[in-house]
């Protein structure tokens with residue numbers, strides 16, 4: 001057997017049932033497609049009905065769409081109950097849905113209503129998704145709960161104050177859930193990407209997304225690579241798969257090392273060299 005073809009045909013989520021919130025677009029949509037390719041039955045949960053249903057129809061019978069506002073507990077309950085009624089179980093809950101505000105780095109321009117809106121979706125929505133997934137997974141004594149956070153959990157100045165606070169809040173939730181749910185055989189992890197040109201208001205105005213991707217890559221640490229939604233989806237696939245069966249409590253940074261590097265001194269030394277010329 002050709003090792004390459006064997007690896008390509010290996011389905012890492014065969015027989016698994018997964019819910020992906022915010023699954024109609026961006027990182028969520030890429031993850032829906034990848035999980036489906038790897039054998040999972042996937043439920044897309046989103047408020048973008050046209051996009052969500054179109055994606056489900058495109059991918060076939062193992063993918064379905066349910067309207068869900070993650071900040072609404074009744075919607076979350078319906079999402080979980082409908083999924084379990086249809087498939088009999090829930091193996092993976094990926095709390096990916098999130099929003100941001102436009103007051104980048106300016107606290108005086110951040111309104112209380114904007115802060116509450118971001119926290120309601122990003123933190124409350126993540127909490128509710130985890131809570132009601134646990135309602136199913138605890139009796140099963142197994143399961144995987146994932147979250148999308150951000151490189152803003154590890155380095156300051158990458159986002160608005162509301163967004164940073166929300167994602168750091170989710171990271172704290174991940175740690176606490178890891179402690180509690182590990183006693184029931186449930187793994188809890190999060191994926192923290194560097195900037196991805198998808199769904200973010202600051203990027204939506206870009207006339208050429210490819211140029212924006214190149215610009216972000218240029219100021220990143222890992223040169224020669226561009227982070228796309230598919231790259232984040234691959235990280236989520238690893239965490240959801242049995243290959244990560246003893247991985248829990250991890251904040252998996254998908255940032256090319258950006259959060260552990262401070263190039264200021266290097267740039268200063270280089271500037272001194274330029275002055276001597």
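Some points to look at:
- Only a single item in (1) modelled with pLDDT of 95 or more; (2) within 28 Å of residue 250 (Cβ to Cβ); (3) in contact with a strand residue (DSSP E or B) (Cβ under 6 Å, 6 or more places away or on another chain) is not met by residue 150, and it is number (1).
- Every residue from region 133-149 that is under 18 Å from the mean Cα position of the chain (by Cα) and at negative phi: 133, 144, 145, 146, 147, 148, 149
- Restricting attention to region 55-74, the residues being in a helix (DSSP H, G or I) and either buried (at least 18 other Cβ atoms within 10 Å of the Cβ) or touching a helix residue (DSSP H, G or I) at 6+ places or on another chain (Cβ under 7 Å) (or both) number 4.
- Restricting region 81-118 to residues that are over 30 Å from residue 141 (Cα atoms) and within 17 Å of the chain's Cα centre (by Cα) leaves a set whose member that is surrounded by the fewest Cβ atoms within 10 Å (Cβ to Cβ) is 99.
- Matching residues in region 180-196 - criterion: being in a loop (DSSP other than H, G, I, E, B) and at pLDDT 90 or above: 185
- Reported count of residues in region 75-104, each being assigned to a helix (DSSP H, G or I) and either touching a strand residue (DSSP E or B) at 6+ places or on another chain (Cβ under 8 Å) or without any contact (Cβ under 8 Å) to a residue 40 or more places away in the chain (or both), is 10.
- Residue within region 159-173 that is modelled with pLDDT under 80 and in contact with a helix residue (DSSP H, G or I) (Cβ under 7 Å, 6 or more places away or on another chain) present: no
The values are calculated or read from the model by the stated rules, or taken from the named source; none is laboratory data. Just so it is clear, the structure is predicted and the values come from calculations on it, not from any experiment. FYI the Cβ positions are ideal-geometry reconstructions off the backbone, even for glycines, and counts take in every protein chain you see.
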